[in-house]
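Enquirer: Here it is, the structure, as structure tokens.
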Amino acid sequence: MRHALQVFKWLFMLAAVAGLAFFVYAVVKINRPATTTSQPADFEIKAGATTKQVAADLESQGIISRGFLFDMYIRFQGAENKLQAGLYSLDSNMTITKIVGILTQGEVKGSGERFTVIEGWRIEEIALSLEAKAFLKKEEFTEAVSKPSADLAAEFEFLETRAAHKSLEGFLFPDTYILKQGMSADEIARKMLQNFDAKFSQDLREEIAKQNRKLYDVLILASLVEREVGRNVARGTTLSQADRERIAEERRVVAGIFLNRLRIGMALESDASISYITGRRGPRATFEEIKIDSPYNTYKYRGLPPTPIANPSLDAIKAAINPADTDYLFFVTAPDGTAYFGKTLDEHIRNRQRYLE
């Protein structure tokens, strides 16, 4: 009996020490900002959003470092029901206590309009949508991101990885933004670059460095994967979790196929690269198109194209960083967007006959 009491006593003491250590850790983290430098960001709380959803969104945008601490703190304060929907101006150098105060007191930034950059859109497609929603003329945005100002280029360290004098293609992160009428093209581009900086985590950057690869090359590969693999569904249709998982795996395999081809000096032969030249959204390049003399013609020229051909999603970027280890060298994309793979030219021909003809 005495032994059992001693064990219980020690367990109680260990639990107390662990609890105290966690309490100290939580207090320190709650009162320490995610970054010491200013990284401003617009943050939207949608009507009906739960505390956990808000915490997860804050963490994914890089505004806080630990979503569970935000969730824990706001519950400790009994403020779960005090979060107010709206658009807020936050900064990653704010502490969780400061952010909770802003969000519960309704210090909203003001109204704005939602604008969505679709995954895989090119600069021209973003510009056309901005013009259609009357934010600015498409030429204004195209010029601003095709020849970014020195100030904009200097503001983001990751832009140093791009080829000299190249556009921001590949860095305009696909997401939904809150924009205001009258914003300049530079201001809109800056929001997209800030989002890229927040979503492209340090872990991903370190993994690229560990592989001795260049970030820009990863983005080029990711843009090819993005435009090659997906699902052709009606606008507004939500994909199931199972579909998203299948697409993610197909993207990893296609990234592996492209890298296999690069290793053996085989042409990438990406129809998506041909579409970038022509602007045509057809599913496959025509015989005449693959004869076009352009550095983006991956049928004619081996290696990666000189720049990204679109603005890839985070999933496509992750696929390019962590491709599947595969023996496949070929793939076809069926009309519904599903990818099918082959190890030999004969298998590839059979897949084309089965799914494309």
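Enquirer: Answer yes or no as to whether residue 33 is at negative phi and modelled with pLDDT under 80.
Expert: No, not satisfied.
Enquirer: I've got another one for you. Could you tell me whether residue 201 is of a type in the set (Ser, Thr, Tyr) and farther than 28 Å from residue 45 by Cβ?
Expert: No: the conditions fail for residue 201.
Enquirer: Being of a type in the set (Ser, Thr, Tyr) and out of contact with any Leu (no Cβ under 9 Å at 6 or more places or on another chain) is the filter here; which residues of the stretch 327-356 pass it?
Expert: Residues satisfying the conditions are 328, 338, 340, 355.
Enquirer: Restricting attention to the stretch 138-161, report how many residues are at pLDDT 85 or above and either of a type in the set (Lys, Arg) or in a loop (DSSP other than H, G, I, E, B) (or both).
Expert: Count: 4.
Enquirer: Does residue 131 fit the bill of being in a strand (DSSP E or B) and either crowded, with 17+ Cβ neighbours inside 10 Å or of a type in the set (Asp, Glu) (or both)?
Expert: Criteria not met by residue 131.
Enquirer: Look at the stretch 279-304 and say how many of its residues are in contact with a helix residue (DSSP H, G or I) (Cβ under 9 Å, 6 or more places away or on another chain), exposed (fewer than 15 other Cβ atoms within 10 Å of the Cβ) and assigned to a helix (DSSP H, G or I).
Expert: Number of matching residues: 0.
Enquirer: Out of all the residues in the stretch 101-120, is one or more without any contact (Cβ under 8 Å) to a residue 40 or more places away in the chain, under 30 Å from residue 165 (Cβ atoms) and assigned by TED's automatic domain parsing to the domain that holds residue 166?
Expert: Checked the stretch 101-120: no residue is without any contact (Cβ under 8 Å) to a residue 40 or more places away in the chain, under 30 Å from residue 165 (Cβ atoms) and assigned by TED's automatic domain parsing to the domain that holds residue 166.
Enquirer: Out of 193, 224, I need the residue that is aliphatic (A, V, I, L, M), crowded, with 19+ Cβ neighbours inside 10 Å and at pLDDT 95 or above. Which one?
Expert: Only one candidate qualifies: 224.
Enquirer: Tell me, which helices (runs of 4 or more DSSP H) wholly within the stretch 172-264 include 3 or more residues that are within 15 Å of residue 324 (Cβ to Cβ), within 18 Å of the chain's Cα centre (by Cα) and not assigned by TED's automatic domain parsing to the domain that holds residue 86?
Expert: Per the criteria, 215-228, 241-264.
Enquirer: Moving on. On the given criteria, is residue 309 in contact with a Phe, Trp or Tyr (Cβ under 8 Å, 6 or more places away or on another chain), surrounded by 17 or more Cβ atoms within 10 Å (Cβ to Cβ) and under 25 Å from residue 213 (Cβ atoms)?
Expert: Yes.
The values are calculated or read from the model by the stated rules, or taken from the named source; none is laboratory data. Just so it is clear, the structure is predicted and the values come from calculations on it, not from any experiment. Ideal geometry is used to build each Cβ from the backbone, glycine not excepted, and the neighbour counts take in all protein chains shown.
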